[in-house]
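FYI, it's all coordinate maths here, none of it is from the lab. Not measured: the values here are computed from a predicted model. We place every Cβ from the backbone using ideal geometry, glycine too, and count neighbours over all the protein chains shown.
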Amino acid sequence: MATTVETRKAKVNDVGLAKADYKGGPSTLCAGCGHNSISSQIVNAAYELSIRPHEIIKLSGIGCSSKSPAYFLGKSHGFNSLHGRMPSVATGALVANRSLKGIGVSGDGDTASIGMGQFVHLVRRNLPMVYVIENNGVYGLTKGQFSATADHEQTLKYAGTNPFMPVDLCMEALTANCGFVARSFAGDPKQVTELIKAAFSFDGTAVLDIISPCVTFNDRDESTKSYSWGREHQDPLHDVTYVPRYEEIQVDYEPGETTIVRLHDGSALMLKKLDEEYDPTDRSAAIQLLDEARANQVLATGLIYFNSDQASLQDSEQMIKRPLSELTPDELRPSQESLQEVLEGFK
Amino acid sequence: MTENSTRAKALVNDFSMVVATVNGSGSQTSNLALVRALFRMGIPVSGKNLFPSNIQGLPTWYTIRASGDGHTARRESVEILVAMNVTTFTEDHAGISEGGACFYADHLPKPQARAGIVYYPMPIKDLVKEVSPPKDLKEYVANMAYVGIVSEMLGIDLEAVRGALMTHFHDREKPVELNMGMIRLAAEWAKQNLEKQDPYRVEADNKTKGKILIEGNTAGALGAIYGGVSFASWYPITPASSFADAVRQYLPQLRKENGKNTYAVIQAEDELSAIGMAIGAGWAGARSMTSTSGPGISLMAEFVGLAFFAEIPIVIWDVQRMGPSTGLPTRTSQGDVMFVRYLGHGDTKNVILLPGSVAECFEFGWRAFDVAERLQSPVFVLSDLDLGMNLWMSDPFDYPDEPMDRGKVLTAEQLEEIGEFARYRDVDGDGIAYRTLPGNEHPLAPWFVRGTGHNEHAEYSERPDDWERNMERLMRKADSARDLIPAPVLSGSGEARVGLIYYGSTESAVREACDRLTEQLELDTLRLRAVPFNSDVKQFIEDHEVLCVLEMNTDGQMHKLLQLEVPERATRLRSLTQNNGLPLTARWIAESLVDLVGG
């Protein structure tokens, strides 16, 4: 009788990959950095969605946040670009190959200062990609200067007191007509994962402004970008659950208690009401929410605004579905006869 | 002057005409009609627009040169003036060459007449009244009046004018007939009322048979299309906008698949974004380009350094205008050579292609992609405003005679076979490593593009040996470029004492200058068509006792690049430059050369 050997098989997803297949190199960020937690949630999201790593491209700009793509999805192609310029590189890459899914990781310096122009225009063109801002209100790599999202009148050891009002990146995304605007907190990994999964399924620019504390330069209790402040002041708009496509949504909920948001690929985001009624498809309500959250010093998290009716950039450009990189020389170079015809017009 | 003496001195198919108008008045259609009509009559011709950086109201001049000898560069003399602009009339009038003709709108106050100039008043307002065109077209039609009068007085065939308008209006009869009505009326008026007294006239010839008349920007855009461009991003800037316009005009009819585009052309929010997009697309495997001018190049500096260092293929088409700074946005120059060669902080060396004609704009349009993908590097094409925005005569362009070179790209199957992959390893010894494209599913394929220091595996590295090895390879690659790019064009016996080195749009003026100098100065010439230089350039410098580098910038930028390349001969290289916004003329070149090197 043959001996049965028990081997513990690694848990795999629908495409037969283990979570380890989605990991990246070891992080060189500070221990406890919010960014590391977000990297883990990106790994979880991609694994749970069963996306093959080569079908994703990961991009970033410059800064602590922008280093992080080296620490997740090690088997994906990636591009660590220039400070504030990741949106343009992502645009070129994803237009050239629209079969790829894009995830960009940026920071508050990378997006709200040097990259504000490119951010707004990315959103305006509605390039399908997940755009994550790891927002900590401070420049870490250069040792603690205020960023444009830093709190008004906040005092930091290195930078002194900040006399300026913060930029609200969700508000910026909204005014640029973004169809998927979310805010989350690195200290709420479940919500981060569910929102990233939904963002991957959205056929347009999905902006996630994630408060991601900098444990070295900006984690004091009074900072709105600290862990303790986030934990105390987070006020989720709803309980967020991503429901994969083809899976029937089977939940027992009271009508009016849960909102279902349908994503382009057939999946959905289920938003279970918590305290108050909130309709993420109401743009005016979204703007009001952001204003009130700031005034009341509340970290309102969840899906702030949703609109799936806008055409993606590639569709606006009436492009073929096939990657342009797959075009053969014959498909790229028009015929000799066509050249003669064109030149006739110049005789 | 009697009719007989005029006839005896008739000067056929050899004049330069300046039409002075007000910007935004629609005179471009009229001027193009005259140029194309001469072209249709078989007379070699060129048209240059000297325009202000302005939408409406400032003076603009259009120069038409007819040359039976086939010379189409700018020339200083103005034999015929068509004065339609009151503000410049006095100055324009003073510029007419001795014995020239002055056509002028008769409602303009005429400057004091000069002896030896023939004056033709044109009753533009009365003629327009007679045609009574729709109010919004009045100004356009008024400009057609001078087309009719000038045609009659020079002998330009009205059927040729009509053909020219048919080309302009894409065979739409209605606008053509509206304009022809004015032209015929004005021609008839001139026939009845003006007496031919100047010696300039045209006669049909056969020197343009089979040829085309085209702007360099359009030629370059077509070249890019026949090079398989699949991604182009750009930001509006004079004088490069018409390049992107032409790409957008011709792609839809040439690159569709089931009604969908097999390309994308995106107007970016600025030049930073334009080149960023092009780099993203180049990384993802598209034939990718951007087109711009000097100020745009300034903004692109950081990204060019990234593309050079991360080794991403892109084509950057630079239609040079006068700098520094905003400079003269509507005037020509060759002032970006040095900047572009070393664009990027740290040690960057960029490849530059230098088209010297519209035919080369087309050729380098497609070839630039082959070079960029072979080298995995940014490739600049330096055109200029004169070449890019003005009309040049050319033989029809040759269809690309080489198969597309997509460079060293490894597929998943190839990776499987090889069993290993290091993105920045110099496998072949030419400094050019192999790359894989995003989407390649082989586990070995992914690599992380970065502008930071990296080892052979594209991993972040601060190790001194990794840095040095990588830079040495990049310099080796820069050397490999020499034989992958267009070789210079040599002409002359090879035995002359004096060697002239030049490049780009000065080609036509240099050829004309050489013709002028045949008796006076024996010259060998070398026209550079790319940087870095190949061995022919070094040889040419070694073979000539006296060398002169001619260019349109103040500092002698190419002269300096050549001095760096051949330091042992540096003092032998002399610099000859003119940089005032105007294209060089053969006369200036010939005289300056004789002054510099002796007759």
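Annotations
- Residues B:405, A:203, B:171, B:386 arranged by fewest to most Cβ contacts within 10 Å: B:171, B:405, A:203, B:386
- Taking the DSSP bridge list for chain B and keeping only pairs wholly inside it, about 35 percent are antiparallel.
- 16 Å cut-off, amide nitrogen to a point 7 angstrom out along residue A:341 Cα→Cβ, residues in the range B:221-242: B:226
- For chain B, the calculated P(r), taken from all Cα-Cα distances in 20 Å bins from zero up to the bin holding the longest distance, is 19, 48, 27, 6, 0 percent.
- Residue order, fewest to most beta carbons within 10 Å, for B:117, B:96: B:117, B:96
- Label-to-label distance for residue B:270 and residue B:555 is 2.4 nm, based on points extended 7 Å past Cα in the beta-carbon direction.
- Computed over the protein assembly as shown, Cα set: Rg, Dmax in Å: 32.6, 127
- Charged-residue dipole, Cβ positions (Lys, Arg, Asp, Glu), the range B:145-203 about Cα centre, Debye nearest 20: 120 debye
- P(r) histogram, all alpha-carbon pairs of the range B:177-269 included - 5 Å bins from 0, percent: 3, 10, 14, 13, 10, 10, 10, 10, 9, 6, 4, 2, 0
- Ellipsoid semi-axes in whole angstrom, largest first, where each is sqrt(5λ) of the Cα gyration tensor of the range B:427-506: 40, 17, 11
- About its Cα centre, the dipole of chain B is roughly 1600 debye, where the only charges are +1 on Lys and Arg Cβ and -1 on Asp and Glu Cβ.
- Taking Cβ atoms as reference points and 14 Å as the exclusive limit, the residues near residue B:525 contribute a net charge of -4, counting Lys and Arg as +1 and Asp and Glu as -1.
- By the Stokes-Einstein formula, at 0.692 mPa s and 37 °C, chain A with its Kirkwood radius over alpha-carbon pairs has D equal to 154 µm²/s.
- Rough spin-label spacing in nm, given labels placed 7 Å along Cα→Cβ, for residue B:203 and residue B:411: 6.3 nm
- Neighbour cut-off at most 12 other Cβ (10 Å), DSSP loop, trypsin sites (Lys or Arg not before Pro), the range B:209-296: B:209
- Computed across the range B:214-394, the Kirkwood radius stands at 15.6 Å (inverse of mean 1/r, all Cα pairs).
- Other residues lying with their Cβ under 11 Å from the Cβ of residue A:317 contribute a combined charge of +2, Lys and Arg counting +1, Asp and Glu -1.
- Of all DSSP beta bridges in chain A, antiparallel share, percent nearest 5: 40 percent
- Using a Förster distance of 35 Å, the FRET efficiency for residue A:231-residue A:14 (Cβ separation, nearest 0.05): 0.55
- Our summary gives the range B:214-394 a relative contact order of 31 percent, counting only alpha carbon pairs under 8 angstrom and 6 or more residues apart.
- Residue list for the range A:299-327, given a label point 7 angstrom along the Cα-to-Cβ vector of residue A:99 and an amide N cut-off under 14 Å: A:320-327
- Label-to-label distance, nm, for residues given as residue B:399 and residue B:497 (7 Å Cα→Cβ offset): 5.0 nm
- Distance-filtered residues of the range B:272-310 - backbone nitrogen under 20 Å, label point 7 angstrom along residue A:322 Cα→Cβ: B:281-288
- Applied to the range B:59-68, the Karplus parametrisation 6.51 cos²θ - 1.76 cosθ + 1.60 on θ = phi - 60° returns per-residue 3J(HN,Hα) values of x, 9, 10, 10, 9, 10, 10, 9, 8, x Hz, with x for Gly and Pro.
- Value of relative contact order over chain A, rounded to a whole percent, pairs C-alpha under 8 Å and six or more apart: 16 percent
- Percent of C-alpha pairs per 10 Å bin, the range B:493-575, short to long: 18, 55, 26, 1
- Taking a Cβ cut-off of under 13 Å around residue B:496, the surrounding Lys, Arg, Asp and Glu residues balance to a net charge of -4, with basic ones at +1 and acidic ones at -1.
- Size of charge dipole - the range A:154-263 - debye, nearest 20, with Cβ of Lys, Arg +1 and Asp, Glu -1, no other charges: 500 debye
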